[in-house]
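Asker: Shown below is the structure under consideration.
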Amino acid sequence: MNANVHLQFLGQVGLLVDDGNFRILIDPYFTDSVAEQFGAELKRCVLPPYTGSSCPHIDFLLLTHAHLDHTDPATLAPLLAAQPHLQIFAPYESREILSKLGHDRAKIPPADWMPLAPGLSIRAVPAAHTEIQRDPNGECRDVGYILKCGNTTIYHAGDTIPHSEIFAALQGESIDLAVLPVNERNHYRDAQGIIGNMTLREAFQMTADLGAKTLIPTHWDMFAPNSVFPEEIELLHQLHDPPFELKILHAGQTISL
């Protein structure tokens, strides 16, 4: 992998990717908007590493879907005010939110490889949260992204469960790093209106099936009713001893690839 690629985990599924020349920001959530709208039990459990206005220089912003912890107007409004140059890719519901913030230049996530800069390309793949949904034009409501930064390939799934269409879209890709949500869906979370994602075991199996070298689990740390103990993730990895490395990052933590 390219030693110049640095990843900073921002909490929930937020990620800041720095390839040494450009920075890509994915699904930033720096406020307490979810608790303010849906109740104090969903107060954030980890401090944000930035605010929208204090975020370092960003070149590209990728949004995966329109849920408030992924497309947060209170995070995005000051970010866009501070960095109006941003190039943004977002699915249609997120674009509607951006439009209300006065930003009408967001692009449809590309289904085919799109070069953003020398040595940097992206491609969107479907996400099933918890099913794949499309608008009348065939555009996915929820997406993940593959990023090629030099010779490093990163798959950021957004919010999803495993799905045959996702595997088909990823077929033939040599993935170095899989970034997958592990806050399982279940009866009790459904009853609370919490839309879960894949289970830990599904995330481990999906990482192995994709042939990824490393897994970064996401969506485990932000909200108490929708969390996973990091010790649980580590123990399952230890017991199963799968053919990939596990990297559990805490909000604000950075690793180099």
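Asker: Of the residues Thr51, Thr64, which is polar (S, T, N, Q), part of a loop (DSSP other than H, G, I, E, B), surrounded by fewer than 18 Cβ atoms within 10 Å (Cβ to Cβ) and modelled with pLDDT of 95 or more?
Answerer: Thr51
Asker: Condition first: in a strand (DSSP E or B) and over 14 Å from Ile255 (Cβ atoms). Now tell me which residues in region 1-32 satisfy that.
Answerer: The answer is Gly11, Gly14, Arg23, Ile24, Leu25, Ile26.
Asker: Given the options Leu200, Leu180, Leu120, Leu170, name the one that is touching a residue at least 60 places away in the same chain (Cβ under 8 Å), at negative phi, buried (at least 17 other Cβ atoms within 10 Å of the Cβ) and aliphatic (A, V, I, L, M).
Answerer: Only one candidate passes the filter, namely Leu120.
Asker: Right, another one. Read through the list (1) surrounded by fewer than 23 Cβ atoms within 10 Å (Cβ to Cβ); (2) under 23 Å from Thr130 (Cβ atoms), then give the number of the only condition that Leu80 fails.
Answerer: Condition (2) is where Leu80 drops out.
Asker: Identify all residues within region 123-167 that are surrounded by fewer than 19 Cβ atoms within 10 Å (Cβ to Cβ) and of a type in the set (Asp, Glu); write none if there are none.
Answerer: Listed by number, the residues that qualify are Glu131, Asp135, Glu139, Glu165.
Asker: Take region 199-221 and flag every residue that is out of contact with any helix residue (DSSP H, G or I) (no Cβ under 8 Å at 6 or more places or on another chain) and aliphatic (A, V, I, L, M).
Answerer: Once the filter is applied, which keeps residues that are out of contact with any helix residue (DSSP H, G or I) (no Cβ under 8 Å at 6 or more places or on another chain) and aliphatic (A, V, I, L, M), region 199-221 yields Ala203, Met206, Ala208, Ala212, Ile216.
Asker: May I pose another question? Which of the numbered conditions does Arg105 fail, given that it passes all the others? Conditions: (1) more than 25 Å from Ala212 (Cβ to Cβ); (2) touching a Ser or Thr at 6+ places or on another chain (Cβ under 9 Å); (3) not β-branched (Val, Ile, Thr).
Answerer: (2)
Asker: Under 8 Å between Cβ atoms, which residue pairs at least 6 apart in sequence (or on different chains) link something in region 184-195 that is farther than 20 Å from Pro230 by Cβ with a partner that is assigned to a loop (DSSP other than H, G, I, E, B) and of a type outside the set (Ser, Thr, Tyr)?
Answerer: Pairs that qualify, where the first residue is farther than 20 Å from Pro230 by Cβ and the partner is assigned to a loop (DSSP other than H, G, I, E, B) and of a type outside the set (Ser, Thr, Tyr), are Asp190/Gly196; Ile195/His67; Ile195/His129; Ile195/Asp159; Ile195/Arg185.
Asker: Considering region 12-47 alone, what residues qualify as being at pLDDT 95 or above and of a type in the set (S, T, N, Q)?
Answerer: Of everything in region 12-47, those that are at pLDDT 95 or above and of a type in the set (S, T, N, Q) turn out to be Gln12, Thr31, Ser33, Gln37.
The values are calculated or read from the model by the stated rules, or taken from the named source; none is laboratory data. Model, not experiment: these values are computed from the prediction. Using ideal geometry, Cβ is built from the backbone for each residue, glycine included, and neighbour counts are taken over all protein chains shown.
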